[in-house]
Amino acid sequence: MNERLKKQLDFMLELDKMKSIYRQTYVLHEDRKENDAEHSWHLAILAFMLEEYAAEPIDTLKVIKMVLLHDVVEIDAGDTYAQRIFGLLPDDQRDEYYALWREFEDDITYESRFASILDRMQPLLLNYTKGGIAWKEHGVHKEQVLSRNRPYFDASHELAEVIESVIEDAAAKGWLKA
C-alpha cells in the first residue's frame with residue numbers, strides 16, 4: 001500500500017472515534033443521544049438540501065466538507081488538537097482540511113456562516129421535535145437558545161425565521177424557561 005493511501009485510511013479509522021462522542025441532543029426515534037458522526041452526517045444532508053436558502057451564493061461542496069470536519073477535533077477533547085488529527089493525512093489534505101476547520105471556527109465566510117446556522121438549527125429541530133427533552137433536562141432559558149442562534153441569522157433569513165418560530169413555540173409550550 002502506498003504511503004498516501006495508508007495515511008488516508010489511518011485518518012478514516014481515527015474518525016471512527018466520532019461515533020462514540022455523544023452530544024446533548026437526542027435522536028428522534030430512540031431513547032439515546034446522538035453522536036458526533038450522526039450530527040455531522042445530518043449537517044451534510046442539510047447543506048445540500050437547504051443551500052437555496054443561503055443569504056449569499058455559497059460553494060456547497062465546501063460547506064459539506066466543513067460540516068463533516070468541524071467536530072473531528074473533539075476526538076482529542078478540544079480545539080487545540082486539530083494539528084494531530086489532520087496531521088494523520090497526506091500534507092495536501094492535511095492543509096486543506098485544517099484550513100476548512102479553521103474557516104468554520106473563524107466564522108467569517110459565507111460558507112462558514114451557513115455551516116454554522118445549520119450546526120445550530122439541527123440540534124434545535126431535533127430537540128423541539130422530541131418535545132424539548134434536553135431543554136427541560138437542563139433547565140434551558142429561551143434567551144439562551146436565542147442568543148446561541150441569533151448571531152447566525154444573517155446567513156439565511158428563511159432558516160432564521162424557522163429557528164425563531166421554533167424557539168417561540170417551545171417557550172409557549174413551557175419547554176424553555178421564560
Could you pull out every residue, at least 5 positions away or on a different chain, whose amide H is within less than 5 Å of the one on Leu176? Hs are placed 1.01 Å off N in the peptide plane, and Pro or chain starts have none.
-> Ala171
Of His157, Ala55, Tyr26, which is farthest along the charge dipole of the chain in the positive direction, counting Lys and Arg as +1 and Asp and Glu as -1 at C-beta?
-> Tyr26
Would you tell me the accessible area of Tyr22, worked out with a 1.4 angstrom probe on the heavy atoms of the protein chains, in Å² to the nearest 10?
-> 130
Carbon/sulfur fraction of accessible area - region 70-124, other protein chains in place, 1.4 Å, % = 48
Using only Cα atoms, tell me the angle between helix 91-106 and the longest principal axis of the chain; keep it within 0 to 90° and round to the nearest 10.
-> 20
HN-Hα J in Hz across region 135-141 - Karplus 6.51, -1.76, 1.60, θ = phi - 60°, x for Gly and Pro | 4, 5, 4, 9, x, 6, 8
Sequence order, region 35-52: Karplus ³J(HN,Hα) from phi using 6.51 cos²θ - 1.76 cosθ + 1.60, θ = phi - 60°, Hz rounded, Gly and Pro as x, gives 9, 4, 5, 5, 4, 5, 4, 4, 5, 4, 4, 4, 4, 7, 6, 10, 3, 5
Can you list residues whose amide H is under 5 Å from Ser156's amide H, if they're 5+ apart or on another chain and H is modeled 1.01 Å from N?
-> Ala55
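Using the Cα centre of region 53-178 as the reference point, and only Cβ charges (+1 on K/R, -1 on D/E), how large is the resulting charge dipole? Debye, rounded to the nearest 20.
Working: 14 positive and 24 negative charges, 138 e Å.
Its charge dipole is roughly 660 debye.
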Could you give the longest part of the chain that holds none of the trypsin sites (Lys or Arg not before Pro) found in DSSP loops with at most 11 neighbouring Cβ atoms within 10 Å?
-> 33-172
So who's got an amide H within less than 5 Å of the one on Thr25, skipping anything under 5 residues away but keeping other chains? H placed 1.01 Å off N, in plane.
-> Glu34
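The values are calculated or read from the model by the stated rules, or taken from the named source; none is laboratory data. Worth saying up front: this structure is predicted, and the values here are computed from it rather than measured. A quick note on method: Cβ atoms are made from the backbone with ideal geometry, for glycine too, and the neighbour counts reach across all protein chains shown. In case anyone asks, the SASA skips ligands and DNA or RNA and just uses the protein heavy atoms, side chains included. Shrake-Rupley method; radii C 1.70, N 1.55, O 1.52, S 1.80 Å.
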